[in-house]
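Working notes, beginning with the structure itself.
The values are calculated or read from the model by the stated rules, or taken from the named source; none is laboratory data. This is a predicted model, so every value here is computed, not measured. Ideal geometry is used to build each Cβ from the backbone, glycine not excepted, and the neighbour counts take in all protein chains shown.
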Amino acid sequence: MTSIEASPGDAFALIADEVDTIVETQTANAIYQWLQKDLRKPGKILVNRGSWDSWMQEDAASACDELDKTLKRFGVLYGLRFNNAFRDTRMSVEKAGKGQIINSIHKSGFAFDMAMRAYVGPLKTAPLYFEKDPASGSGVQWIVFAEAQVAAIPAGPHAAYVEYRDSITPWKYDSDSAEGGAAEPELTKPGVTFLNFTNVCVARAQRSTLG
């Protein structure tokens with residue numbers, strides 16, 4: 001582990017995004033004392049994926065890296081992008097903050113929010129779209145789609161879980177709606193096809209579970 005001379009507040013901005021095992025001297029000294037007193041056993045740590053808001057457990061990070069590569073291989077050139085991942089365990093302890101819950105899985109380092117505009121709309125530089133799952137019945141479930149560049153899609157045949165669509169019917173979130181929102185007009189884009197992001201994630205999860 002490498003340390004830098006900076007206050008904890010300044011270090012947040014000074015540490016390069018691509019570095020996942022560097023801290024300012026004060027924190028490094030504290031960790032060293034924990035190890036000396038057996039208060040923290042050496043082992044897995046939190047790492048980030050190249051941005052200040054993407055800290056997570058090592059296991060989650062490696063899985064996300066593989067998913068990122070898979071998306072890019074299927075033509076989604078912006079890959080996997082987050083709004084935030086790890087949440088400080090000191091947050092929302094007695095009372096939940098806005099958009100949070102006390103026992104949030106974000107505090108474990110195994111959860112993250114995909115990069116969205118205001119957390120609900122497609123981000124211009126890395127758009128994701130929600131379409132209502134017709135199999136969701138009386139509840140509301142979504143299928144997520146990502147933009148794939150037609151010119152970047154590898155020649156087939158593709159695995160059964162790889163689904164591309166020329167058009168989708170995005171879902172617009174509405175917190176006041178009993179169904180969580182409503183369908184928007186059909187969406188098409190020149191040079192773009194829509195990859196079923198949900199299918200890719202499910203397939204990767206099943207493969208990980210099966211080893």
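Residues checked against (1) in contact with a Leu (Cβ under 6 Å, 6 or more places away or on another chain); (2) assigned by TED's automatic domain parsing to the domain that holds residue 195; (3) of a type outside the set (A, V, I, L, M); (4) at positive phi:
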residue: 90; (1), (2), (3), (4): no, no, yes, no
residue: 94; (1), (2), (3), (4): no, no, yes, no
residue: 119; (1), (2), (3), (4): no, yes, yes, yes
residue: 130; (1), (2), (3), (4): no, yes, yes, no
residue: 145; (1), (2), (3), (4): no, yes, yes, no
residue: 148; (1), (2), (3), (4): yes, yes, no, no
Quick one: count up the residues across the range 113-140 that are at pLDDT 90 or above, β-branched (Val, Ile, Thr) and closer than 16 Å to residue 183 by Cα. 0
For the range 168-187, name all the residues that are out of contact with any Lys or Arg (no Cβ under 9 Å at 6 or more places or on another chain) and exposed (fewer than 12 other Cβ atoms within 10 Å of the Cβ). 175, 176, 177, 178, 185, 186
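Evaluate the following for residue 164: is it surrounded by 12 or more Cβ atoms within 10 Å (Cβ to Cβ), at pLDDT 95 or above, assigned by TED's automatic domain parsing to the domain that holds residue 191 and of a type in the set (Ser, Thr, Tyr)?
On the way: surrounded by 12 or more Cβ atoms within 10 Å (Cβ to Cβ): yes; at pLDDT 95 or above: yes; assigned by TED's automatic domain parsing to the domain that holds residue 191: yes; of a type in the set (Ser, Thr, Tyr): yes.
Yes, satisfied.
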Being surrounded by fewer than 16 Cβ atoms within 10 Å (Cβ to Cβ) and acidic (Asp, Glu): is that true of residue 68 here? no
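Among 65, 53, 59, which is assigned to a loop (DSSP other than H, G, I, E, B) and at pLDDT 60 or above?
Values: 65 fails: assigned to a loop (DSSP other than H, G, I, E, B); 59 fails: assigned to a loop (DSSP other than H, G, I, E, B).
Answer to the check: 53.
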Tell me, which residue of the range 52-100 that is more than 30 Å from residue 158 (Cβ to Cβ) and of a type in the set (S, T, N, Q) is nearest to the chain's Cα centre (by Cα)? 84
Could you pull out the residue among 40, 87 that is in contact with a Lys or Arg (Cβ under 8 Å, 6 or more places away or on another chain), part of a loop (DSSP other than H, G, I, E, B) and not acidic (Asp, Glu)? 87
